[in-house]
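A short worksheet on the structure shown next.
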């Protein structure tokens, strides 16, 4: 599920701040948002902002300066295979292009630099790059360039973080990764290295392969002719990757100041046509200065920190465009432990939170809408299910979610035997019930929001307190969640999702990222069914997703909380900029068509 | 005196060993590691585990420690877990940024503080002195980050006189262009930083002058008919500069350690910012290297101060 991470929400300011979709870490804290309306309908909300700049005739020329809001200098690993942060993806965006374009629900189509064909009988995926797709040095992108990323990913010497056992579905991948084979036997180049086609042999084809971000095959090319002389163990720090990268996107790097700024000029060999702009400059700005950066018009494009919306919303000569990213914040319940020896999650029948009535009651007692209204300027909204609207059919509209309802919450607890003893409720077995909540520090509003929820839970007689008595620092937050620390009964976190909707890697039995450690035969079956051969039938797969969402809603092992707009401020003379997936190349802005209005 | 210096240098060795051990262990004791932040739905936890193992993070601490020390002796500070470049090159990059910023700051600090201190001491309890003291109380009471952000807002954003972040503009080219742009980027942070770090120097100097004015040797000089100007510059001022000289060693080595706050506010890629970032990102290699460097700098700074003092003040010459 990786190549797309952090890209589909390709705002040039991935900075945490508002949404809890954090740059270097997808698991982040929650920072809610508001949606004044009660049903939290994402589509309705999205109409508040346009998804693209107004269409106007474009003139040639001009330069655009972009603020990259981050509080650490960017790493600047200009390689899709090796880079690990969303900031780096943002920095590389004008030059980098993915092989495939998608429709609005991330299904791969034929409009991009390459086409993809599945052959279920032969169990192959054939990728052909279009003629005329050239690197910025004028060389045609060829078959070897399509194959080379797999070597970069799988060769242990490169230390690529993005190697994934999912890739081992490719024949011969594992052998290559372990150093037992010199080449990846499952990747074939029928017309030779100089051809334009590779055929990838899989052990099994999966329905998710039609979608971008699926992780079964790679969606970028690497310039073999340019990188071949760099030894794998030097690749990450080589000048070819860090100083003078080569891409086939609309722009190429002209100048790079390490960690601070990148200047781009048009790639004259760009296959879609000549870019309108003469220059793009991306420079780092401290998030504290983001608002001023927008208000003072020092930049033509800058991301908006949702927490500072009130200060920027009335700025003149600015257009705002927004996108609802594939992301959500959630409340998760710790129901077991990760068994490292077996490599699987083991649910603990006796764990405190192992009672769905209790979990549902906790969900119903959260006044998410009120919090969003009070704290988030209408930029966040409640989500009802774990499959965001952006996934189209797969999203189940009928899930009602946990509408704030204290009465219902109390009834659920009464029925389940959580009786009140004095001020607080006790467990059905009579033992006291103290629930420890783990939440990470974040923006200034994090503390009052969490305290508010604790007050709500108090109203239904639940004694909830923070793990360690306060909000946890980010690193220690990760540490506690990943290692199933004691004193954590539930936690608030957020996920930024890949654009292929399968859920196995997040909630599966063998996934260490299933931090809830929720494992049931039903859940396992549904998750497996999402990727089964039967699911090649779209309607069947959609049904499985809906079933899983109902199951998830009923079991309430996770309470979905909020999602927020990802807003970008643009100079109002800029046109051709869009956040729609179908108007982007796999999350990359189509920079060649962005320009100034005549 | 050479013996003393040699002895001091030898004492530094056990100090550094203890420092390095502490640094190393404390870094390891922080929750999380460089990889824990990279876990997301798009990375395979197995691969992360494999990388942790390959990086030796699962070895016992003493194995890791001695491996680190062993590499130190080869001049190898390791490779940054986050930046994926050798720590030496990373630090060299940042140290030069910090050095120039600090140098400018120090020059500005002294050129503001010394005249103010002299004025204040010379005109004790007159209006000049009162104004300087008010200025001093304000700078002492203003928290750095508030002052910097205010300055950034006023001169960077509102008036637009100075750049708001970074150490060099993306469009600068050519030797002079880059040099000019670098200096332009340093001016605002350096002035702001200098303005509120003058407090100590002004105060020491003022007190020194006030105290020395009534010393016997001053009275003697005056009674011998030495002109007032010479009395002041030769007798009073020189002796009053001693406390400032006492800090000179640390000021010199401090040129390399940078300031976390000003560098963060201005997104200025220097040593202080690097230090802060590497803590947040658990970039052990960079972090331990930096603390070690800071430690060495402090020790050397103290030694330098002592040497300077013994040169200019014969009374405390070390035996």
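Computed over the alpha-carbon atoms, the stretch B:226-284 gives an Rg to Rh ratio of 1.36, Rh here being the Kirkwood radius from the mean inverse distance.
Would you mind pulling out the separation of the Cα centroids of the stretch A:513-555 and the stretch A:363-409, in Å? Their Cα centres are 21 Å away from one another. Remark: mean inter-chain Cβ contacts per residue of B:165-174 equal 6, using a 10 Å Cβ-Cβ cutoff to other protein chain atoms. Within 10 Å of the Cβ of each residue in A:476-484, the mean number of Cβ atoms contributed by other protein chains is 4.
Highest mobility in the GNM of chain B, judged by mean-square fluctuation with C-alpha springs under 10 Å and restricted to B:195, B:299, B:16, is found for B:16. Hey, if you drop one equal point scatterer on each alpha-carbon of the stretch B:4-147 and run the Debye formula without solvent, what base-10 log of I(q)/I(0) do you get at q = 0.15, 0.19 Å⁻¹? Results for the stretch B:4-147 at q = 0.15, 0.19 Å⁻¹ read -0.99, -1.21.
Overall dimensions of the protein assembly as shown, expressed as equivalent-ellipsoid semi-axes from the Cα gyration tensor (√(5λ), whole Å, largest first), are 52, 34, 29. Projected onto planes of every orientation and averaged, the convex hull of the alpha-carbon atoms in the stretch A:276-339 covers 8.5 nm². When peptides A:65-75, A:545-555, A:566-576 are ranked by their average number of other Cβ atoms within 10 Å per residue, the highest-first order is A:65-75, A:566-576, A:545-555. Peptide A:503-512 has a mean of 2 when you count, residue by residue, the C-beta atoms of other protein chains within 10 Å of its C-beta.
Compute the helix-to-body angle for B:87-122: its Cα long axis versus the longest principal axis of chain B, expressed 0 to 90° and rounded to tens. Helix B:87-122 and the main axis of chain B meet at about 20 degrees. Comparing B:94, B:52, B:133 in a Gaussian network model of chain B where C-alpha atoms under 10 Å apart are linked, the largest mean-square fluctuation is found at B:52. For the stretch A:463-506, the Kirkwood estimate of the hydrodynamic radius, built from every pair of different alpha carbons, is 12.4 Å.
For the pair residue A:405 and residue A:191, the difference between a 0.36 nm per residue extended length and the Cα-Cα distance amounts to 70.7 nm.
Stokes-Einstein, applied to the Kirkwood radius of the stretch B:42-112 over Cα pairs at a viscosity of 1.002 mPa s and 20 °C, places its translational diffusion at 140 µm² s⁻¹.
Taking other Cβ atoms within 10 Å as a rough exposure proxy, A:492, B:29 sort from fewest to most as B:29, A:492. Note on chain B: GNM, Cα springs under 10 Å; of B:245, B:172, B:190, the largest mean-square fluctuation is that of B:172. Can you tell me how the stretch A:202-335 classifies by the Cα gyration tensor, rounded, prolate or oblate, using a/c under 1.5 as the rounded cut? Since a/c reaches 1.5 but b/c is at least a/b, the shape of the stretch A:202-335 is classed as oblate. Normalising the average separation of contacting C-alpha pairs (under 8 angstrom, six or more residues apart) by the number of residues puts the relative contact order of chain B at 26 percent. The relative contact order of chain A comes to 27 percent, based on Cα pairs under 8 Å that sit 6 or more residues apart. Where the alpha-carbon atoms of the stretch A:289-381 are placed on the principal axes, they occupy 59, 34, 20 Å, in descending order. Between the helical axis of B:2-29 and the longest alpha-carbon principal axis of chain B there is an angle of about 40 degrees. Packing around the peptides A:93-105, A:162-174, taken as the average count of other Cβ atoms within 10 Å per residue, puts them in this order, highest first: A:93-105, A:162-174. Neighbour counting of Cβ atoms within 10 Å sorts the residues A:527, B:205, fewest neighbours leading, into A:527, B:205. Classify the stretch B:101-170 as rounded, prolate or oblate, taking a ≥ b ≥ c as the square roots of the eigenvalues of its Cα gyration tensor: rounded when a/c is under 1.5, otherwise prolate if a/b is larger than b/c and oblate if not. Taking the square roots of the gyration eigenvalues as a ≥ b ≥ c, the stretch B:101-170 is prolate. Dimensions of the stretch A:89-165 from C-alpha coordinates, computed as largest minus smallest value along each principal axis and given longest first, are 33, 33, 27 Å. Quick check: from the Cα gyration tensor, does chain B come out rounded (a/c under 1.5), prolate or oblate? Here chain B falls in the oblate category. Normalised by residue number, the volume inside the convex hull of the Cα atoms of the stretch B:181-319 is 139 Å³ per residue.
Residues A:347, A:561, ranked from the fewest to the most other C-beta atoms within 10 Å, line up as A:347, A:561.
Across the stretch A:273-397, the mean sequence separation of Cα contacts (distance under 8 Å, 6 or more residues apart), normalised by length, yields a relative contact order of 18 percent.
If you model the stretch A:465-598 as an ellipsoid using its alpha carbon gyration tensor, with each semi-axis the square root of five times an eigenvalue, the axes come out at 35, 26, 12 Å, biggest first. Taking the longest Cα principal axis of chain A as reference, the axis of helix A:521-530 is set at about 20 degrees.
Bear in mind that the values in this text are calculations on the coordinates, not laboratory data. Note that this is a predicted model, so its numbers are computed, not measured. FYI the Cβ positions are ideal-geometry reconstructions off the backbone, even for glycines, and counts take in every protein chain you see.
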